[in-house]
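Every read-out reported here was derived from the displayed coordinates using simple, explicitly stated rules and does not represent laboratory data. Here the structure is a predicted model, which means the values were calculated and not measured. Cβ placement follows ideal geometry from the backbone for every residue including glycine, while neighbour counts extend to all protein chains displayed.
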Amino acid sequence: MKKLIVILLILICNVAISQTGFWDKSQTVTSGFVDKNPSFDTKRPYNWGLADFSFLIFERWSSLNSSNICVMKFGYDSAFGGVQYLTNDNKINKNPSISYKVLGGYGNTFTNAMAVWEVYENSRTNIYGATYNDNVWSAPYPIDTSSGNKTNPYISYNSVLTSYFFYSIVYEKDGDIIYKNFESVLKETWNEFNLTATETENCRNPKVISDVAWTLPHFVMYEKQKPNGDYGINFKRTTSSYIWSGDTITTTGNNKGTYIANGSVNTIGIAYESNKSGKWGLYATDYSNYYGAVYQSSVIVQSPMYNYRNVTNFLLHSIFTDYMGAMNCYVRQSVSATKIMTAGPSFTNFYDSLTVGDSSSKTVITLGNGVTRSNNYYSYMVWLVYDKDSGGYSSLNALGKLAIISGLNLIKDEIPSAYSLSQNYPNPFNPVTKIKFSVPSLSSPNVSIGDPVVLKVYDVMGREVATLVNERLQPGTYETTFDGSMLNSGVYFYKLSTGDFTETKRMILLK
């Protein structure tokens, strides 16, 4: 993996983490029910397509033999609109996955969404779906009710097709991995492939992603059983020609919990759990579309003291960084407690922790792609939702983090002789200001090949309030816009850092 991840030392893992007020919002989403397994819309490379609300999908159980699939909307400020049942029967409906499409880049409303899940009926498990179109959810319809057991469905938008109604769906079927190209309005399968028909090993837990750059519109990863009973991770890929090829991501140790994370441009981020170090740790691998190569696996976080699982990440939309993105959350389990951990671009940079149960807690966490406010993509809310058991019930709870970003423009491509950070203008400002900085050539002093340029904003207490830039940049002079509309009046500091260079300047927000 390219530079991506700083290996987390055991010493750092042992540091006690406490609440730091990282989250801007906190609320109980549901109560008085047994609600489990929440999931926001599936990830996409660098999160293209922001909307003014997002769907959360989850399971609501009424008994051990009866559960339904529910959805609710999340806006910028809170969950709203109430719970809507996609199913309403006495069957076991579980393992939902949801994806959506919007008209364009930022601040748009939904054009179409589709959900998939598994249903136990007629002594076998089938795959069903529902379509959100013209502001209405359809009744459930079958996707695969053929013989055999079909489980663990996962859905992603299909970027290669210009229609807003096409999705890629994958699921297990009696130890094989099935891929469907599905039209959500007509409710029709356009293409179907058994991706592992020639493989005798048991395969499970598939994930699919569609690269927004269209150079690799279909990428599927899955877990494949090894001779000793453990599982490795493999992938299949194809262009729009649907001629599939594949290879191995990792075969070391036992692996599970495979997760597609946001990657940088033309790169797909892959995260997974592995016991290769003795305890269950989190690892990541990048796959490059351009080079058709899997980069070496790197440690996200592991320790002899804890088990880790359920990693999920969020990437700033206008900043094309590597997999680690801007925010990362995961579950840490010890002999005494289960905690949700929040980290920044590096897992060594802990922000927050939240105890959600004892060591047996099965809590599931999901991190959304961000929700805009009033079509202003300079600020949006990132929601984390988790389930927590208490008194025989399982409630859904949400934490929200405000993300303030801006576009980055190259305003002069003449090569500067050194790094520089200019005073923001106007200053004082209300609520928008511009910040200009220069990046020299790689032969200049204090320049290291591959180092990202990082521009962040802090309050007077030293708390980070925004990441404006975090990417590798070509030499030139750049300008970015900072929007402080969601902040209080006061003094703030902005800091440019890369390699051996660091510079900080002061600015004033007056409202």
Any chance you could run the full-extension gain for Asp500 through Glu464? It's 0.36 nm times the residue separation minus the Cα-Cα distance, nm to one decimal.
10.9 nm
Other-chain or far-sequence residues with amide H under 5 Å of Asp89's (modelled H):
none
Under the 0.36 nm per residue contour assumption, what length would be gained going from the current alpha-carbon distance of Met305 and Trp190 to full extension?
36.6 nm
When a footprinting reagent is the concern and you count Cβ atoms within 10 Å, what order do Ile268, Ile57, Ile415, Ile92 take, fewest first?
Ile415, Ile92, Ile57, Ile268
In order through the range 60-73: 3J(HN,Hα) via Karplus (6.51 cos²θ - 1.76 cosθ + 1.60), integer Hz, x for Gly, Pro
10, 9, 9, 7, 5, 10, 8, 8, 10, 9, 10, 10, 8, 8
Roughly what would the spin-label model give for Asn228 and Ser123, points 7 Å off Cα along C-beta, in nm?
3.9
Compare the peptides 389-402, 143-156, 190-203 by average per-residue count of other Cβ atoms within 10 angstrom and give them in order, highest first.
143-156, 389-402, 190-203
Sequence neighbours fewer than 8 away in the same chain don't count; with that in mind, list the aspartates and glutamates whose C-alpha is under 14 Å from Lys434.
Glu479, Asp483
Checking the table Lys36/Lys187; Lys94/Lys180; Lys236/Lys362; Lys456/Lys511; Lys43/Lys226 against a 25 Å threshold on Cα-Cα, which pairs fail?
Lys36/Lys187; Lys236/Lys362; Lys43/Lys226
Burial ranking of peptide ranges 94-102, 500-508, 253-261 (average Cβ count within 10 Å, highest at the top)
94-102, 253-261, 500-508
Order the peptides 239-251, 24-36 from the highest to the lowest mean number of other Cβ atoms within 10 Å of their residues.
24-36, 239-251
